[in-house]
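First comes the structure, then the notes that go with it.
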Amino acid sequence: MPLLENNLDTLSEEYNVIALAHSDVEPTMEWVRNNLNGELTIGFSTKDLRDNLQVVGQPITIIFDTNGNIESREFGYIP
């Protein structure tokens, strides 16, 4: 997430960016406070969302078009 946040200015020119966490809220938000600048929007997934998007591991990057269709799905680190 720090790498994503560091590139947020460039990414947000073309995309709306949100990071979804799959863990408990309090420990995640503590980590966010200690490791991020507060510019990246953090959301929390649900089991239904993970099942619908076929999230089977972390990290995963999913790019949607404006109609909500998946354009790209990448697993693991993306340079």
If you take just the strands (runs of 3 or more DSSP E) that sit entirely in the chain, which of them hold at least 3 residues that are out of contact with any Gly (no Cβ under 9 Å at 6 or more places or on another chain)? 42-44, 60-64, 70-75
If you scan region 31-52, which residues turn out to be within 23 Å of residue 69 (Cα to Cα) and touching a residue at least 12 places away in the same chain (Cβ under 8 Å)? 40, 41, 42, 43, 44, 45, 49, 50
Just wondering, is there one or more residues in region 24-39 that are among the small types (Gly, Ala, Ser), at pLDDT 90 or above and either in contact with a Pro (Cβ under 7 Å, 6 or more places away or on another chain) or exposed (fewer than 10 other Cβ atoms within 10 Å of the Cβ) (or both)? yes
What residue, of 56, 17, is within 17 Å of residue 74 (Cα to Cα), of a type in the set (A, V, I, L, M, F, W, C) and either exposed (fewer than 10 other Cβ atoms within 10 Å of the Cβ) or in contact (Cβ under 8 Å) with a residue 40 or more places away in the chain (or both)? 56
Against the definition (out of contact with any helix residue (DSSP H, G or I) (no Cβ under 8 Å at 6 or more places or on another chain), of a type outside the set (D, E, K, R) and either surrounded by 11 or more Cβ atoms within 10 Å (Cβ to Cβ) or at positive phi (or both)), how does residue 43 come out, yes or no? no
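The values are calculated or read from the model by the stated rules, or taken from the named source; none is laboratory data. Remember, it's a predicted structure, so these values are computed and weren't measured experimentally. Positions of Cβ are generated from backbone atoms using ideal geometry, with glycine treated the same way; all protein chains shown enter the neighbour counts.
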